[in-house]
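A short write-up of the structure that comes next.
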Amino acid sequence: MCGIAGIIHRDGSADVGTEMTRMLQAMKHRGPDSSGYALFGEPSDLVVIRFKLADANDPRDFDFKERLDRNRQEVESRLHKIGASVDRVESETEYAYRATVRYDGDMKALADYLEDVPGCEVLSLGHSLEIVKDLGDAQEVSDLYRLGGFTGTHAIGHVRMATESDVDISGAHPYWAYPFSDVAVVHNGQLTNYFQWKRRLESNGERFQSECDSEIIAVYLAEKMSEGDSLEDAMHKSLEDLDGVFTYMAVTKDALGVAKDEMAAKPLVLYESDGFVAMASEEIAIRAVLNREIETSDPYEGQVLVWTR
Amino acid sequence: MSGTRRTTYDARGLAEPHAEVPKVSDIDGATASFDATDLTTRQVNLELRWLIYEQGIRDVTVRNPGAKHSIGVGILQRCRIRFEGSLGYFGLGLNDGPEIIVTGRVGWSSCENMMSGVVVIEKNAGSLTGAAMRGGDLLVKGAVGARTGIDQKGGTIIVGGDAGTMTAFMMQRGRQIILGDVGPGLGDSMYEGSIYVAGKVKSLGIDCVEGEWTHADTEMIERKFRIYGLGSPPAFQKFVCGKMLYNYDNLEPSEKKYVI
């Protein structure tokens, strides 16, 4: 089933960490397996890298801790080698890290070099995007990663009921649109031409981290945008190219977009005011941040909507 | 040696097997009202049943339904219920008799399998509105989502705004009156019934054709507009089943042997 949510403040920053947690927690019944956030903080000169070196439910064998320490050191030394000056590397959990670096080289080269370290997956990369995802409900993930008080302009989130792949962090949403900085996607639905697109995109040199069908959307949009399309154009093309049922949201450093398949098979409730847009799979999620009577509508089949901050 | 992971979610909790009637209503003669803000889905429904079936109340106002799901379902009694606010998914289903007004909007699958009575939604409705509806009138003043009246078997659905894709999909009887535009696949695979559209139709579904307008159509539409105070009706196009997919004269093999 899954639940997705998105918010964008068009007139300044707010505590999007707390807002998104409330929205996702209100939809916990739609997906108890994992919760994920793509949060956009204040844009900075530094590059924020969120990465993990193991999955939450990987077996903890005898040298688990030492291996993680070793790999973390390897990540740091590779950051130096590729020319990134490290500001700091923080442990969020025993397996997930947040690094801030000064780097103006090629993002793909950076991601590829880090992911070559055993067990390393770059969850997000960008000047303002931070993807946080883990097993458990939104409140647990928020507590674990201290997301309360995360100030930013826009965010998307996802609560997952796993249907197409394993319950692990790699299979959790949002997906970063590797190798594009500051682009991420959440998806509710199933894609039926997943293998076709995966083969096609892999033969173009794109990288996949999971067996989850939703990852296709992020990689697809990234490829279209690398060919020069805007987010909105890429999303329109995806309606033609992707089969199946979906409502998905995509975010960039200054925009939030949503697309709905031609069958309108997956729900979305939209609230829009001049300064604030919120949308979610259920209205109760929007009510979790706007606790009053509000006017909402459901976008129609085949619609693509994009808001900029 | 395997990792310790927290599994705290228990979906069984959603069923609320031990909910009790909260009895929080202000009762004044044959009318009652209560605030649903702090009540769970089951408590709201238990309170409604308690008022209508056990206290003989015939006019209930529910304040702040807060877009909760599955509210106001399975009421088999003539009465009036007013929801001041919006409902979530699966609201007002399986009802037989009540007159219901919702001052906000409703989510997906509202008024599913409605048997009789009247429902007026002041704002929008989600997809699958009036699915498998069998009787009564359902008026949505705003827009509706996709597949409105899927499998409709009777009654009248009136939509003030636009409707989405596959409206009246597999409709079997009844009427739909849509004042706005309609998405693709209108009346796909319908068997019987009539659809009246005042706006533009993006495309017709399989075996849905334009129907012949009769005096009975004019009379019915004028009557419904009068009842609900919708002003004077605009010009409508009528759509019916082309009956090219119709196979009801052909019996299943198991049925044939009884005939023979």
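All of the numbers you see were taken from the coordinates with simple rules; none came from a lab. Since the structure is predicted, the reported quantities are computational estimates derived from the model, not experimental observations. Don't worry about glycine lacking a Cβ; one is built from the backbone with ideal geometry, like all the others, and counts go over all protein chains shown.
The C-alpha atoms of chain B define a longest principal axis, and helix B:215-227 lies at about 20 degrees to it.
Centroid-to-centroid, using Cα positions, segment A:224-290 and segment A:156-208 are 15 Å apart.
Here the sum of -39500 (n - 2.57) over DSSP H runs of 4 or more residues, divided by the residues of chain A, equals -8000 deg cm²/dmol at 222 nm, to the nearest 500.
Over chain B, dividing the summed -39,500 (n - 2.57) contributions of all DSSP H runs of at least 4 residues by the number of residues returns a 222 nm mean residue ellipticity of -3000 deg cm²/dmol. When the listed pairs A:LYS253/B:LYS200; A:LYS28/B:LYS153; A:LYS237/B:LYS123; B:LYS23/B:LYS68; A:LYS198/A:LYS237 are checked against a 28 Å cut-off, the alpha-carbon distance exceeds it for A:LYS253/B:LYS200; A:LYS28/B:LYS153; A:LYS237/B:LYS123. Compactness check for segment B:18-116: Cα Rg over 2.2 N^0.38 Å is 0.95. Centre-to-centre, using Cα atoms only, segment B:63-82 and segment B:170-243 are separated by 28 Å. Within the shell defined by Cβ-Cβ distances under 10 Å, the residues around A:GLU283 carry a net charge of +1, with Lys and Arg each +1 and Asp and Glu each -1. Rounded to the nearest 20 debye, the dipole size of chain B about its Cα centre is 320 debye, using +1 on the Cβ of Lys and Arg and -1 on the Cβ of Asp and Glu. Chain B has equivalent-ellipsoid semi-axes of 35, 25, 19 Å, by the square roots of 5 times the alpha carbon gyration tensor eigenvalues, sorted largest first. Short to long, the 10 Å bins of the Cα pair-distance histogram for the protein assembly as shown hold 4, 17, 24, 22, 17, 10, 5, 1, 0 percent of all pairs. Projected onto planes of every orientation and averaged, the convex hull of the alpha-carbon atoms in segment B:124-260 covers 8.8 nm². Amide H to amide H distances under 5 Å link B:SER109 with B:PHE90, B:SER127, B:LEU128, B:THR129, where only residues 5 or more positions off or on other chains count and H is placed in the peptide plane. The residue among B:VAL159, B:GLN176, B:GLY142 whose Cα reaches farthest toward the positive pole of the charge dipole of segment B:31-183, with charges on the beta-carbon of Lys, Arg, Asp and Glu, is B:GLN176. Stokes-Einstein D for segment A:123-234 at 37 °C, 0.692 mPa s, Kirkwood Rh over Cα pairs, in µm²/s? Rounded, D is 221 µm²/s. Charges were assigned to the Cβ only: +1 to each Lys and Arg, -1 to each Asp and Glu. The resulting dipole of chain A about its Cα centre is roughly 400 debye. Average projection, convex hull of the Cα set of chain A: 14.5 square nanometres. What is the percent of Cα-Cα separations in segment A:1-141 that go past 21 Å? Here the long-distance tail beyond 21 Å is 48 percent of all Cα pairs in segment A:1-141.
Using only side-chain charges placed at the Cβ, +1 for Lys and Arg and -1 for Asp and Glu, the dipole size of the protein assembly as shown relative to its Cα centre rounds to 1360 debye. Each distinct pair of alpha carbons in segment A:44-127 adds a 1/r term; the inverse of their mean, the Kirkwood radius, is 12.9 Å.
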